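The values are calculated or read from the model by the stated rules, or taken from the named source; none is laboratory data. Since we're looking at a predicted model, the values are computed, not measured. Cβ atoms come from the backbone with ideal geometry, glycine included; neighbour counts cover every protein chain shown. The protein model used for the area step is the full one, side chains on, heavy atoms only, and it has no ligands, DNA or RNA in it. Shrake-Rupley method; radii C 1.70, N 1.55, O 1.52, S 1.80 Å.
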Amino acid sequence: MAASIPKKPQSHKSRGIELHQKRIGEALSFPILLSDQIAATAKEAESFKFECSEVAKQVERLRQMLRSAAQVPAAQRPPSCRDDRLRCRLPQAPRLALLDSSAADMKWILSILDGGGGIVLTLPPIASNDPIIAWVWALTVALHVGQLQDKIEAANELASLAKDNDRNKQIILLNDRISSEAQIAAASSLLNLSNDRNRVQAIIEEHGAPIIAQILENSAVKAQIKVASLVAEMAQNSPLAQKEFTRENINKESPVLSLSSSPYSSLSAQMKLELKTSCAKALWMLARGCGANSRRIAETKGLLYLAKLVEVERGELQMNCLMSLTEITSAAETNADLRRTAFKTNSPAAKAVVDQLIRVVQESDDPLLRVASIRAVGCLARTFPARETRVLGPLVALLGQGDEAVAAEAAAALGKFGCPDNFLCVQHCKTIIEFGGVPPLMRLLRSSNEKAPLHGVILTCYLAIHAEKSDDLERAGVAGALEGIDRALILQHPELKELIPQAIYHLTVFHHSHSGMLTER
C-alpha cells in the first residue's frame, strides 16, 4: 500500500486568508439566499407578470454579482467596500428604482475589484450624495492590489484627502464611532501608507497617534490585530512615531501585556495567536533603538510576559518576543539606570529573561534565534557576577559551533565579558579559559566568516591581557597567532592597532618570566 503523502502545513497567513474568505462567504450568504427566494417568487407571480418579470431580471443580476463577489480572492476584497446600506436594500427594495440602484452599486464594487487595481473614477448610486466615500473606497482598492505606480498615486491622494478636513480624516483614519470592518480597512490603508517616513509624519501630524492608541486598547480583536501591525510599521519607519506612541503610553496598554486576562482568555486559538504576534512585533519596533520605550516596557510586566512567550511559543511570535528582549537589553547595555533597575540580579523578571535566553542558546536549532539570544546575553554582560558560570559555559561551547555566524556572535558576546569596561573582566577571562575556550577560539581566527576573525581577535586579546599567566594561551600559540593576523583586518579596524601589540606584550612578558622560573628550577 502506497504511503500517504503528508500535506504541507499551512502558514498563518494562508490560514488567515482562508478564514477571511469564509467570513465573507457567510456575510453574503443571506443576500444570496434572499435573492434566490425573490427571483423564485417573482417568476411564480400570477398578477403584474410584466412588472414581476422585470423584478426577477434585476434580482438575477444582483444574485450573479453577489455570487461573483463571494468568489473574489480575499486578498482583493478590502473590507472598506462593505456597507450595511447596500445589504439592507435587498429586503427593502419593493420598487425597480431601488433594485436598479442596488445593481449599479454591486456593479461598481465588482468593477473596482476586477479592474486590475487601477484607480476607478466613477460614482455609484450609494455614494451619489457623498462622493468622497466612493473616492476613498476606490483609492483603498488601488492601494491594496494596484500596480506600483497606482499604489503610489493612491497613497498620495489618501494623504492629501486626510489633510483637507476632519471629516475626511474620520473616513480614512481610524475612528471609534465606525464599525470594526471600517477600522480594519482604514488600518490596512494606513499600513500601506506607512512604509514612507514622510507619510508616517503626515499621519502623526494629523493626530493619528491618539486615535490609533485608542483603537488598539478598545476595539474588536480583529481591528486590534490590524492596528498593532500599523503601529509596528509606523514605529519601524519613523522615530517620531516611536516618540508619539510613547506619549500615548501605548506600551502599557498593548494587549500583548494582558493576553492572559479577560477578554482575551476566551479568544479562539488562531485569533489569539495573530493578536499576540502582531502586538509582539509592535513592541519590537517600538523598542528598537528607543531607550524610552524599552524602559516603559521593562517598568511594566513586559519582561515577564515576553520571557514566558519565548518559553511556550514558537515561530514568528517567539522571534518577535525574542527580538523585543534583544532591543531592551541593548538599551540596558548603554543605560546604567535601566540596567540596574530592570536587570538587577535579584529581579524575578531579569532571571526569567536570562533563563529563556540561555535555554534558546542551548536548545534551539534555529541560527537566527540563537544569534538574537547570544546578542542579548552579551548586552547584559555587566550585570552578571563572577560566580555566574551558567552563562559563560554555553557561550564558550558555541565557539566551536559548526555555524560560523553563531560562533562569531558567541565570540562577540564573550568579548563584552572580557573587555576592560567590565569590572569583572579578569575573573570572566579566567573562567572562559577554564571552560576550554582557547582552542576553538584559535580555529575561529582562521574562519571565512566576515565577522568571526574580528570578534575572535578581540576576545583573544582580552584573554591575553587579563589572564596572561595561563599555560593554555602558551600551549595554543596565541602570541604567534596574533602576530600572523592579516594586515587587511587591522587596516579595516583601527582599534586593533593598539590592542594586538598590547596582548602580544603581555604574552611575551609571561613567557619570559615563566621560562626564567623553569631555568632556575
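What number, in percent, do you get for the relative contact order of the range 362-442 if the mean sequence gap of Cα pairs under 8 Å and at least 6 apart is divided by its residue count?
Values: 85 pairs, mean separation 27.6, N = 81.
Computed over the range 362-442, the figure is 34 percent.
How large is ³J(HN,Hα) for each residue in the range 271-286, as worked out from phi by the Karplus curve 6.51 cos²θ - 1.76 cosθ + 1.60 (θ = phi - 60°), to whole Hz, x for Gly and Pro?
Taking θ as phi minus 60°, the curve returns 5, 5, 5, 4, 5, 4, 5, 5, 5, 5, 5, 4, 4, 4, 5, 5 Hz for the range 271-286.
Taking 8 Å as the Cα distance limit and 6 or more residues as the minimum spacing, I'd like the relative contact order of the range 427-507 as a percentage.
About 34 percent, as a whole number.
Per-residue counts of other Cβ atoms within 10 Å, averaged by peptide: what ranking do you get for 478-487, 325-334, highest first?
Ranked from most to least packed, the peptides come out as 325-334, 478-487.
Going down the list Lys416/Lys451; Lys416/Lys469; Lys301/Lys416; Lys308/Lys344, which pairs span over 24 Å between their C-alpha atoms?
The answer is Lys301/Lys416.
Remind me, relative contact order of the range 319-409 in percent, using alpha carbon pairs under 8 angstrom and six or more residues apart? Don't skip to the answer; put the middle values down first.
Working: 78 pairs, mean separation 29.0, N = 91.
Contact order relative to length: 32 percent.
How much accessible surface area, in Å² rounded to 10, belongs to the heavy atoms of Arg382 with a 1.4 Å probe?
110 Å²
Ignoring ligands, DNA and RNA, what accessible area per residue does the range 382-452 give at 1.4 Å, in Å²?
Computed with neighbouring chains in place, this is 45 Å² per residue.
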